[in-house]
Structures are given as C-alpha cells and as structure tokens.
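Written out below as structure tokens is the structure these notes cover.
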Amino acid sequence: MDHRRGGHPDTPTGGPAGRGPVGPPRGRTLGPAAPATLPYRALIRPRSAVDGLIAAICGPQDSGLHTVVHVERIRIDARRRPARRDSQHALRAHRDGVDRYLAIHQGDPGADPGRVVLRAEENCRPGRIRRDPEHGLLVAELLLDRRLRTGDTHLLGYGFDDAPSPTPSCEYVRGFNAGAGQYVLQVTFDPAALPVRCHRFAVRAPGERPHESEELTLDGHHSVHPVATGLPPGLLGIGWDWD
C-alpha cells in the first residue's frame, strides 16, 4: 500500500489421502503463503474516508500483493514542501489473478488532492482514481500489463507530483498493510532549506507513540535514508525539524 502524510486471506492447503509424500507436482513449487495483512483502514485516518474511496473502486482489502523490495525517493523543495515522490517497487503475488496495485496517497493538511498528479511510468498504467478533498486522500489503481499467478513477481515504477501545502512539511510516512522484505526511503532536501534534525521512526498505527526511533544525519547530497528489512505490517517514516 502507498501512503504518505506530512505531518497497498489465508490460503487453504491440503492433499489426497493415502501413502507417500504429499506435495506439488514434480517441476512445480508451492507459492508463498499469504502474509499477515492489515486492512488499509488500520493505517490511515480517518478510517471511514479510506473505506469509502476503496469501496468506490471495488478494491479488495487484500490486494494479493506484498512487497519484496521497495526503493522510494522523496524531494522537499525550497519552500519546505514535498514536491515529488518516486517509487521502484518489486512485488510478489500471494494469490492467482492479480492484475492491479492500489496506491493510496494522503497529503499534508490543507493540500488539495485534486492537484496531485499520478505518474505510471514502468510496467503499469493508470486505472480508476478517486479523491477525498476534505481529508486530502487519493486512491488510485495501477493496472499491470499481465495477470499474475501465485508466486509471480512484478516490477513497478510510478510516482506522484505533490500538491503544495499551506504549511511546511515535517514528516513522510509509508504504510505497509502486508509488511515488506526490504524498504529504502530517501528524503532529499533543497540546499536552500535544510532541516536542523532528522530521525526515522516506526509506529504500529496512526497516532501511537513510535516503538522505534533513530537519529539520521544529512549526507553531502542533502539526503537521509534508512534501510529496513523484514518489516511487519505498520508504518515507517522520517521526520525532521526546521528550527
């Protein structure tokens, strides 16, 4: 699940009775079991708003995809506002028939989601898009160029051009409803507007206190980046202070 804010079923198993080992036919391997999955509403406030948008495009609570590797880059402009987000995403299907990825974007308070631009750049094309101006939410389908089977992987390249917010941004948060194998988040600041402090954090639900936190230091390119592996469902982000 995609999610930004400043300030995307169990599989029954069984086999025939009788003697001998039970397993997949020779030459085939079992696909991955469905990972532990949270509903999207557990990661976004207000819950009712995201429920309504997902229902409007008939999106399932389990998209059938989970993250293998995700590299995400955020750019903060000279006015201290998010300008652009780019994602390179390797996904794996844990059920048959998956042909779309659901991207959820929530802007900074006061930002107009009608001005957010979705860019479907690699191995996908835009599908239905629904917006909730009151809560700054956008839900978009990214249609894949093939229908996946259980165990198939897919590489996805996409991004958002952000709408300007009325106040400076102070954090970026990514929600994972099905966890992630590896996630790299880079935030790059315009050299004319550098923060005085940055830190990464992890929370299990919106509004909770972080259960992980770590200071980050800007590099020579005015960027910070944490690398996380084996992420459970929840939220991970970078926060910063301007003074």
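Across the range 112-121, which residue is surrounded by the fewest Cβ atoms within 10 Å (Cβ to Cβ) among those that are within 21 Å of I44 (Cβ to Cβ) and of a type outside the set (A, V, I, L, M, F, W, C)? If you could, list the steps in order and put the result at the bottom.
As a first pass, look at the range 112-121 and keep what is within 21 Å of I44 (Cβ to Cβ): 112-118.
The next check asks that each one be of a type outside the set (A, V, I, L, M, F, W, C); those that pass are 112-115.
Details: D112: 14, P113: 21, G114: 9, R115: 12.
Only one residue fits best here, namely G114.
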Q) Only one residue in R197, R149, R128 is basic (K, R), under 24 Å from V69 (Cα atoms) and more than 14 Å from the chain's Cα centre (by Cα), so which one is that? A) R149
(Q) So, in the range 172-198, how many residues would count as being closer than 27 Å to A42 by Cβ and surrounded by 18 or more Cβ atoms within 10 Å (Cβ to Cβ)? (A) 13
**Q.** Subset tally (residues that are within 19 Å of the chain's Cα centre (by Cα) and not in a strand (DSSP E or B)) for the range 209-233
**A.** 5
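Since every read-out is calculated from the coordinates, none of them should be taken as a lab result. Just so we're clear, the structure is a prediction, and the values are computed from it rather than from any experiment. When we count neighbours, we look across all protein chains shown, and the Cβ atoms used for this are built from the backbone with ideal geometry, even at glycine.
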